[in-house]
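Down below is the structure, laid out as structure tokens.
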Amino acid sequence: MKKICLASLLISVLLGSACSSSSDEQTFDSSKLNRASEAEVEKIVEAFILAEDGDVIDIPAGFYTFNTQLIIDNKTDITIKGQGMDQTVLSFKPLKSGGEGIKLVGNNLTIENLSIEDAPGDGVKAQHTDGITFRQINVTWTNGDKSKNGTYAVYPVQCKNVLIDGVIASHSRDAGIYVGQSENIVVKNSLAFGNVAGIEIENCDNAEVFDNVARNNSAGVLVFNLPGLPKSDGKGTKIYNNQIIENNHENFATPIGEGPNGNVVTMVPPGSGVILLAAKEVEVYNNQILRNKTTGVAIASYQITGFPSEAPNWSPYSMDIYLHNNQYERTLALPDLSRELGQLISVYNAHGKAKTQDIVYDGIFDETTATSISANPMRICIDETGIESMHFTLFDLSEGEDNIKASAEYSPFQNCKVNVSTSVDHLALN
């Protein structure tokens, strides 16, 4: 299927009022902390280099400025501990190139009670780690929202048994809290703001995201399955008891084709509460999904991106999705027209042009399984109270961009339920 390209006239008419202003909000003022001496900084660098299994790297209060990465490589039972995210700050502003500020590889690793600022790449990355805990850490970029900021604030990838608890992530040019190609995941009690994506679960198995706040991002919570990654289709994600509010921030990600970091998140339209893209076995319930100017929830297949949608052991379709018991509130602001998905939602919805939607479904399905969307072949189940008065749009894109159709018909997705099974008690209770 081709990418959806809408008339430039509509964009030029409405785009000016469709963008949100950026936020310079900070969690606290680190400039008031005592500056660590060169010797004190070197002591911390040495503690990372010389760390042995079972060590605790205890970092006193203060503001530490590093011109090198801090790395734990292939260690077990290491704890990196500050005195509080407002008391111990690790700044990587002088580090002009390279990857993450902190990189962790090993087993049973914990980083807690500190802040990380201005890493050239990701704030803190864990990779190939079984047992990784991020607790009470703040990761940010102090110049606000810039496309030159790091890609991810908190970034566990190819990990097992991931706990993210009480984290604050802001101003990432991609996702504030990103978990990729991992299994057994809990993200709880955390705040993501001022990012392109607040919280993202990508190609992961067995994840729960609950009791978080995602606000003032371009998109609040994403569940993606992307092709061509070492771990293909993920499945089994529950998103519940979150506040997903006013995610209307401009999308400041690196544009595709303008650098090595342009990717699908570049296409995310501002004003998106929850986006499910090629997602499998996802339950979204008991969330407050409020005042996201384009749509509360978007259910989409990967074909909507226009990128190649074939890969081994991977499916481009969203399937086995269950939405129920969420609270929705539409905004009076104009929906986004800066991104093609936003244009589709804004211009071709079933409730009138430039109308915010509560739920949209792109209607793309595996035609080898059914001949019509009315059979609900992808098992999209929507059991929201008051859906008859909500703005729901089902798209028909089968005839291409010259004949896009939109319907408010939600009945094919009623009277069904998907059983999404997760098992993360060993993490959630920590």
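Worth pointing out:
- Gyration tensor over alpha-carbon atoms, the range 251-405, equivalent ellipsoid semi-axes in Å: 22, 21, 16
- Sorted by Cβ neighbour density within 10 Å, fewest at the top, the residues His249, His351, His391: His351, His391, His249
- The residues packed around Val167, meaning those with a beta-carbon under 13 Å from its beta-carbon, carry a net charge of -1 if Lys and Arg are +1 and Asp and Glu are -1.
- Residue-wise HN-Hα coupling along the range 304-310, computed from phi with Karplus coefficients 6.51, -1.76, 1.60 (Hz; x: Gly, Pro): 4, 6, x, 7, x, 10, 10
- Fraction of beta bridges assigned by DSSP in the chain that are antiparallel (%, nearest 5): 5 percent
- Close amide-amide hydrogen proximity is noted between His249 and Asn217, Ser218, Gly271, each under 5 Å apart and 5 or more residues distant or on a separate chain (H modeled in the peptide plane; Pro and chain starts excluded).
- Counting Lys and Arg as +1 and Asp and Glu as -1 over every other residue whose Cβ lies under 15 Å from the Cβ of Asp55, the net charge comes to -4.
- A simple rule links phi to the HN-Hα coupling: the Karplus curve 6.51 cos²θ - 1.76 cosθ + 1.60 with θ = phi - 60°, which for the range 180-192 gives x, 6, 10, 9, 6, 9, 10, 10, 9, 6, 10, 10, 10 Hz, with x for Gly and Pro.
- Sorting Val41, Val268 by the number of Cβ atoms found within 10 Å of their own Cβ, with the fewest placed first, yields Val41, Val268.
- Here the Karplus curve 6.51 cos²θ - 1.76 cosθ + 1.60, taken at θ = phi - 60°, turns the phi angles of the range 147-164 into couplings of 5, 8, 5, x, 6, 10, 7, 10, 9, x, 9, 6, 10, 10, 6, 9, 10, 10 Hz, with x standing for Gly and Pro.
- Rg/Rg_ref, the range 128-207, where Rg_ref = 2.2 N^0.38 Å and atoms are Cα: 1.02
- When each of Lys148/Lys355; Lys160/Lys188; Lys293/Lys353 is checked by Cα-Cα distance, pairs over 24 Å: Lys148/Lys355
- Principal axis dimensions, the chain - Cα atoms, whole angstrom, descending: 67, 44, 36
- Backbone amide hydrogens, once placed in the peptide plane, bring Asn108 within less than 5 Å of Asp77, Asp130, Gly131, excluding anything fewer than 5 places away on its chain.
- Amide H contacts of Leu191 (H built 1.01 Å from N, in plane; Pro and chain starts excluded): Val167, Ile168, Ala169, Val213 sit under 5 Å, all sequence-distant by 5 or more or on other chains.
- For the range 65-153, trypsin sites (Lys or Arg not before Pro) are listed when DSSP marks them as loop and at most 14 other Cβ atoms sit within 10 Å of their Cβ; the list is Lys96, Lys146, Lys148.
- Cα lying deepest toward the dipole's positive end in the chain, options Val167, Ser309, Gly236, charges on Cβ: Ser309
- Here the range 90-143 is treated with +1 on each Lys and Arg Cβ and -1 on each Asp and Glu Cβ, and its dipole about the Cα centre works out to around 100 debye.
- Ordering Glu329, Glu46 from the fewest to the most neighbouring beta carbons within 10 Å gives Glu46, Glu329.
- With the helix formula -39500 (n - 2.57) applied to DSSP H stretches of n ≥ 4, the chain reaches a computed 222 nm mean residue ellipticity of -2000 deg cm²/dmol.
Throughout, read-outs are computed from the coordinates displayed, never taken from laboratory work. Because the structure is a prediction, the values reported are computed rather than measured. Note: ideal-geometry Cβ built from the backbone for every residue, glycine included; neighbour counts use all protein chains shown.
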